[in-house]
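Presented below is the structure to which this report refers.
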Amino acid sequence: VQLQASGGGLVQAAGSLRLSCAASGMIFSRAAMAWYRQAPGKERELVASMTSGRSTNYADSVKGRFTISRDNTKNTGYLEMSSLKPEDTAVYYCQAYFHINGRKYWGKGTLVTVSS
């Protein structure tokens, strides 16, 4: 079972990035997925989540700027980020969660740096 996050990088404020989270070894379509982030010196926080039924939830700080999506045919989740701000700088992690057994899987983070 593996999650592989990618797509991070350095971007200027007001720019955009798309993060990807490729899943393997699991039935991805049955999982809820989420993106978290952790900025230096801060706790990890939930950014966005999507259930297996595609219901979504966003942190107030990213509403209207970030969009979570998934392509179950590719076993991949995405986080489209636009109008990026320096305060969005963090390591971003993807998570897959199976309600049926409570198991959670994390990918290694991908660093997003937004310059002012």
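Just a few scattered comments:
- Within the stretch 73-92, tally of residues that are of a type in the set (Ser, Thr, Tyr), under 21 Å from residue 15 (Cβ atoms) and either touching an Asp or Glu at 6+ places or on another chain (Cβ under 6 Å) or buried (at least 17 other Cβ atoms within 10 Å of the Cβ) (or both): 3
- Filtering the stretch 60-72 to residues that are farther than 18 Å from residue 97 by Cα and either more than 10 Å from the chain's Cα centre (by Cα) or exposed (fewer than 15 other Cβ atoms within 10 Å of the Cβ) (or both) leaves 60, 61, 62, 63, 64, 65.
- Qualifying residue in the stretch 15-37 (condition: over 14 Å from the mean Cα position of the chain (by Cα), within 16 Å of residue 113 (Cα to Cα) and surrounded by 14 or more Cβ atoms within 10 Å (Cβ to Cβ)): yes
No lab work stands behind these numbers, since they all come straight from the coordinates. Fair warning: this is a prediction, and the values are worked out from it, not measured in the lab. Heads up, the Cβs are rebuilt from the backbone with ideal geometry, glycines too, and the neighbour counts pull from every protein chain shown.
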